[in-house]
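Here's the structure we're looking at; comments come further down.
The values are calculated or read from the model by the stated rules, or taken from the named source; none is laboratory data. Computed from a prediction, not measured in an experiment: that's the story for all the values here. FYI the Cβ positions are ideal-geometry reconstructions off the backbone, even for glycines, and counts take in every protein chain you see. Remember, those area values only see protein heavy atoms, side chains included, never the ligands or the DNA or RNA. Shrake-Rupley method; radii C 1.70, N 1.55, O 1.52, S 1.80 Å.
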Amino acid sequence: MGSSQSVLTDTSAANSYYDYIIVGAGAAGCVLANRLSEDPAVSVLLVEAGKSHVDELKTKIPMTFPQVFKTQIDWAYETTPQQNVSGRRFFWPRGKLLGGSTSINAMMYHHCAPSDFDEWTADAPGWSYAALRPYFRKAEKYAGHELHGDVDVSHRGNEGLWQTSHAPRLDVCNDCLQSCRNVGIPYSSDFNTPKGTLGCNHMTSFCDAKGHRSSAATAYLSPILASRPNLHIVTMTSTTRLIFSPLSSVPKVMGIEVARTPVAGKPPSEQRWIINARREVILSAGSINTPQLLMLSGIGPKDELDKLGIPLVKHLSAVGQNLSDHLMTGGISFRAAKPGTTLDYLSNPANTLLPLAQWLLTGGGVLTNMIGAGAAFVRSDDPGLPFESKASKGLETTDETSGKDAPDLELVWAPLAFLDHGFKTAPTGTEVFSLVATLLRPKSLGSLSLVSTDPFEKPRIDANYFAHQNDVNVLIKGVRLCLRIARSRPLFNRLNLRSDNTDKDDVFWLGDADPDKVTDDEIHEWLKKNVETLYHPIGTARMGSSSESSVVNPTLRVHGVDNLRIVDASILPYQLSGHTTAPVIAIAERASDIIKGEYTGTAAAKANYAF
Ligand SMILES: Cc1cc2nc3c(=O)[nH]c(=O)nc-3n(C[C@H](O)[C@H](O)[C@H](O)COP(=O)(O)OP(=O)(O)OC[C@H]3O[C@@H](n4cnc5c(N)ncnc54)[C@H](O)[C@@H]3O)c2cc1C
């Protein structure tokens, strides 16, 4: 290799050939870059459209991630107007820097439900929970916590690169947990064990011992930057298309075309470079950019490519389809009874100076709290929970869970206002405790398509939210459960609920509403104005056995295309019932063994992916 520095800020400094080229340094790409470059005999290039994470202070402090939305390190996507949600366009942030979305996310660590993975095995043999479980543990370095002595650490990893721990919590969060239990939600000592994820507790955070975010970049790249001359990471470099061999009868990827990533205010450069892969190219550009790149390269639905005059390389109708996202209610805001209950004071920049100084000096203090502080994973058909209401006309819901021990609703609590992704703060003079209900297993599926052949033009994203009444009904049930939790002691004692609030435009209107008086239609109308993404789009290059209904096979190779694999959230065949980072990291850990096994043929590696 020409350079001994792993991180190349100059695109032209990259070599012409590498054994592996990985596109996208997010959750999956960072894992692959680390694991594949463990073999000093192979060369690896990791290509990232964004910049380095190293100087991005707000990505390191657990509480400040919303402050990077719509900045240079956010792709800041937007959906098409959503016809079932008042025609609203939805803002979809995605990380555009080393670490990808793991550098800007809410740091909620979660394995999801074991049956989420077992349901894949029907069409993707080998991808069971049992197969992934060792990789969840391989990835993690869990630091216990005195308040979580009931975690059975034998289920958790302690030698991995990715650091997890527990955040401090406010009294109001402890009370919310108790109120969840008081309405009938069982306490779970740990959401991340084979027994499943139903129950309530404070969340585990991916935070390191210094109080800093442990992203895929800090975990998997930072420790090896000086010690892996066989790994190059090139930043501010966008992959614009795949390059195919002109000699092969079957489409065969030879490499990639790249360009400098355009910077706002400057004209984009026309210059392009070609970088070749001796073994293969692995797309890890995430659920939006991976299908976009496939289609720009001629892999996708023929009719879509024809519309833009893109020469067809391989017709795969599932590219860009099967888009599934977690829709959440938006913050249901409850007025705190007394000042000093929540962290809303941090929205005043003057109030952050001392906490920032404390965090910089010690890595501790209020800035290490989690915004998504705790959660309850429940089933909307659980007869033991108070979903019913005198005001409801009776909500029919079908079981969309992945198994009898898996949830279809997650309630998250936050010790501050979480309105419009954090762009709006608590009304002056108030403090807000927020509860959010999330639809974990939506029936509504969306799609993604190209607008033009320009790689820098954002694709058209149609989330197709609320296309199924079932999704609406499950979320209405979730809202009522949140209202009942807020009316249950001890949380109730910390809130000031005003039953005379009739102003439906008031931030507190739904929180104030009596679950036995507010109607299904009123909640539905509120949802149409307030639902938001929980930032988990998946499925746009789904894994499966058939090229008619999927994009990659169970070894994550693209159907009918040689030397091309996909490893990121786009390969998930179905939506997970929880948070997506830990599963994507476990998938990438396993994919690394699959890839190594294919090239080295070692028995140990092969055993890991015996299908
Ligand atoms: C605001 C937010 C909050 C979230 N909160 C949580 C949470 O609390 N817990 C949780 O588990 N999950 C959370 N998630 C989801 C989680 O972060 C993602 O599911 C996960 O990071 C997906 O991993 P990925 O590898 O598929 O993509 P990403 O991590 O998004 O990485 C893709 C990478 O590819 C790069 N890239 C894209 N196109 C190109 C190109 N053409 N050339 C070169 N590079 C390219 C991108 O810049 C990016 O670095 C959140 C996500 C967001 C955005």
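Quick one: is Leu98 in contact with a helix residue (DSSP H, G or I) (Cβ under 6 Å, 6 or more places away or on another chain), over 26 Å from Pro66 (Cβ atoms), within 16 Å of the ligand (Cβ to nearest atom) and outside the structural domain of Val31 (by TED's automatic domain parsing)?
Working: in contact with a helix residue (DSSP H, G or I) (Cβ under 6 Å, 6 or more places away or on another chain): yes; over 26 Å from Pro66 (Cβ atoms): no; within 16 Å of the ligand (Cβ to nearest atom): yes; outside the structural domain of Val31 (by TED's automatic domain parsing): yes.
No.
Scan the stretch 223-236 and give yes if some residue there is open to solvent by less than 50 Å² (accessible area, probe 1.4 Å), under 24 Å from the mean Cα position of the chain (by Cα), of a type outside the set (A, V, I, L, M, F, W, C) and within 11 Å of the ligand (Cβ to nearest atom), otherwise no. Yes, the stretch 223-236 has at least one match.
Assess whether Thr71 counts as being without any contact (Cβ under 8 Å) to a residue 24 or more places away in the chain and among the hydroxyl-bearing types (Ser, Thr, Tyr). Spelling it out, Thr71 is indeed without any contact (Cβ under 8 Å) to a residue 24 or more places away in the chain and among the hydroxyl-bearing types (Ser, Thr, Tyr). Given the criterion open to solvent by 10 Å² or more (accessible area, probe 1.4 Å), modelled with pLDDT under 95 and farther than 30 Å from Tyr20 by Cβ, identify the matching residue among Leu147, Leu198, Leu177. None of the other options fit; the residue is Leu147. When the criteria are applied in full, Asp74 fails the requirement of being modelled with pLDDT under 95, of a type outside the set (S, T, N, Q) and in contact with a strand residue (DSSP E or B) (Cβ under 9 Å, 6 or more places away or on another chain).
Right, Thr368: among the hydroxyl-bearing types (Ser, Thr, Tyr) and touching a residue at least 24 places away in the same chain (Cβ under 8 Å) or not? Can you show your working first?
On the way: among the hydroxyl-bearing types (Ser, Thr, Tyr): yes; touching a residue at least 24 places away in the same chain (Cβ under 8 Å): yes.
Criteria met by Thr368.
Table: residues versus (1) over 30 Å from Ala463 (Cβ atoms); (2) within 16 Å of the ligand (Cβ to nearest atom); (3) in a strand (DSSP E or B).
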| residue | (1), (2), (3) |
| --- | --- |
| Pro246 | yes, no, no |
| Ser249 | yes, no, no |
| Ile274 | yes, yes, yes |
| Arg278 | yes, no, yes |
| Ile282 | no, yes, yes |
| Ile288 | no, yes, no |
| Leu305 | no, no, no |
| Pro311 | no, no, no |
| Gly320 | no, yes, no |
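All of Asp462, Asp514, Asp503 fail the test of being open to solvent by 50 Å² or more (accessible area, probe 1.4 Å) and in contact with a strand residue (DSSP E or B) (Cβ under 6 Å, 6 or more places away or on another chain), apart from Asp462. Can you find even one residue in the stretch 498-511 that is under 20 Å from Val378 (Cα atoms), of a type in the set (Val, Ile, Thr) and in contact (Cβ under 8 Å) with a residue 24 or more places away in the chain? Checked against the condition, which is being under 20 Å from Val378 (Cα atoms), of a type in the set (Val, Ile, Thr) and in contact (Cβ under 8 Å) with a residue 24 or more places away in the chain, the stretch 498-511 yields no hits at all.
Can you name every residue in the stretch 307-326 that is among the small types (Gly, Ala, Ser) and within 21 Å of Ala285 (Cα to Cα)?
To start, the set of residues in the stretch 307-326 that are among the small types (Gly, Ala, Ser) comprises 309, 317-318, 320, 324.
The answer is Ser317, Ala318, Gly320, Ser324.
Residues in the stretch 308-343 that are under 25 Å from the mean Cα position of the chain (by Cα) and either open to solvent by 50 Å² or more (accessible area, probe 1.4 Å) or free of Cβ contacts under 8 Å to residues at least 60 places away in the same chain (or both): Gln321 only.
Do we have Lys60 as in contact with a strand residue (DSSP E or B) (Cβ under 6 Å, 6 or more places away or on another chain), buried (at least 16 other Cβ atoms within 10 Å of the Cβ), in the same structural domain as Arg260 (by TED's automatic domain parsing) and touching a residue at least 40 places away in the same chain (Cβ under 8 Å) here? Talk me through it step by step, then tell me what you get.
Numbers: in contact with a strand residue (DSSP E or B) (Cβ under 6 Å, 6 or more places away or on another chain): yes; buried (at least 16 other Cβ atoms within 10 Å of the Cβ): yes; in the same structural domain as Arg260 (by TED's automatic domain parsing): no; touching a residue at least 40 places away in the same chain (Cβ under 8 Å): yes.
In short, no.
Exactly one residue out of Pro415, Pro386, Pro407 is touching a strand residue (DSSP E or B) at 6+ places or on another chain (Cβ under 8 Å), farther than 21 Å from Leu170 by Cα and not small (Gly, Ala, Ser): that is Pro407. Summed over the stretch 105-114, the residues that are open to solvent by less than 10 Å² (accessible area, probe 1.4 Å) and either within 12 Å of the ligand (Cβ to nearest atom) or farther than 20 Å from Gly372 by Cα (or both) give a count of 5.
Each row is one residue, and each column tells you yes or no for (1) within 24 Å of Leu46 (Cα to Cα); (2) touching a His at 6+ places or on another chain (Cβ under 8 Å); (3) more than 9 Å from the ligand (Cβ to nearest atom); (4) open to solvent by 10 Å² or more (accessible area, probe 1.4 Å).
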{"residue": "Glu525", "(1), (2), (3), (4)": "no, no, yes, yes"}
{"residue": "Arg542", "(1), (2), (3), (4)": "yes, no, yes, yes"}
{"residue": "Asn553", "(1), (2), (3), (4)": "yes, yes, yes, yes"}
{"residue": "His559", "(1), (2), (3), (4)": "yes, no, yes, yes"}
{"residue": "Val567", "(1), (2), (3), (4)": "yes, no, no, no"}
{"residue": "Thr580", "(1), (2), (3), (4)": "yes, yes, no, yes"}
{"residue": "Pro583", "(1), (2), (3), (4)": "yes, yes, no, no"}
{"residue": "Ala588", "(1), (2), (3), (4)": "yes, no, no, no"}
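In the stretch 67-90, which residue that is open to solvent by less than 20 Å² (accessible area, probe 1.4 Å) and not in a loop (DSSP other than H, G, I, E, B) is farthest from the ligand (Cβ to nearest atom)? Walk me through how you get there before you give the answer.
Going through the stretch 67-90, the residues open to solvent by less than 20 Å² (accessible area, probe 1.4 Å) turn out to be 68-69, 73-74, 77, 79, 82, 85, 90.
Imposing the further condition that a residue be not in a loop (DSSP other than H, G, I, E, B) reduces the set to 68, 74, 77, 79, 82.
Numbers: Val68: 9, Asp74: 8, Tyr77: 10, Thr79: 14, Gln82: 18 Å.
Top of the filtered list is Gln82.
Identify, please: which residue in the stretch 22-41 is assigned to a helix (DSSP H, G or I), within 12 Å of the ligand (Cβ to nearest atom) and open to solvent by less than 10 Å² (accessible area, probe 1.4 Å) and is, among those, farthest from His53 (Cα to Cα)? Full working, then the answer.
Taking the stretch 22-41 first, the residues assigned to a helix (DSSP H, G or I) are 27-36.
The next check asks that each one be within 12 Å of the ligand (Cβ to nearest atom); those that pass are 27-33.
Add one more test, that the residue is open to solvent by less than 10 Å² (accessible area, probe 1.4 Å), and what stays is 28-33.
Numbers: Ala28: 16, Gly29: 14, Cys30: 12, Val31: 16, Leu32: 18, Ala33: 16 Å.
Among those residues, the one meeting the criterion is Leu32.
From the list Ala357, Ala414, the lone residue that is without any contact (Cβ under 8 Å) to a residue 24 or more places away in the chain and either of a type in the set (Gly, Ala, Ser) or buried (at least 19 other Cβ atoms within 10 Å of the Cβ) (or both) is Ala357.
Selection of first residues in the stretch 450-465 that are on the phi > 0 side of the Ramachandran plot and more than 12 Å from the ligand (Cβ to nearest atom) and of second residues that are assigned to a loop (DSSP other than H, G, I, E, B) and open to solvent by 70 Å² or more (accessible area, probe 1.4 Å), restricted to Cβ pairs under 8 Å at least 6 apart or on distinct chains, gives the following pairs, ordered by first then second residue: Asn464/Leu445.
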